[in-house]
C-alpha cells in the first residue's frame, strides 16, 4: 500500500529544504575529502579494497543469518 502524500506547510517545506541542503553539503565534503586521500591509488589496490569490503560485509551478513537459524528450529 502506498502512503497518502502529506502536504507540508511552507515553513515545513523550507525547513526540509535546509536540512536536505546541509546533508548534501556534508556528503559532498566527505566525498571530496575521500577523493583527495585516494586519488593516487593504483587500480589493483582499488579492486583489493573493494573485494575486502564486500567480503567483510558478506561475512557479517552470513554471521547474522547463522545466528538467527536456531530461533527457527523451535
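A short reminder: the numbers here are calculations on the coordinates, not readings from a lab. Predicted model, so just to flag it, every value in this text is computed and none were measured. Heads up, the Cβs are rebuilt from the backbone with ideal geometry, glycines too, and the neighbour counts pull from every protein chain shown.
Entry note, the chain: the mean residue ellipticity at 222 nm calculated from DSSP H runs of n ≥ 4, each adding -39500 (n - 2.57), is -28500 deg cm²/dmol after division by the residues and rounding to the nearest 500.
In plain terms, the bigger the Kirkwood radius, the slower the diffusion; for the chain, with that radius from Cα pairs, at 25 °C and 0.890 mPa s, Stokes-Einstein puts D at 141 µm²/s.
With the simple model of a label 7 Å out from the Cα in the direction of the Cβ, residue 23 to residue 50 spans 2.7 nm. Computed from the C-beta positions of residue 35 and residue 73 and an R0 of 35 Å, the FRET efficiency is 0.15 to the nearest 0.05.
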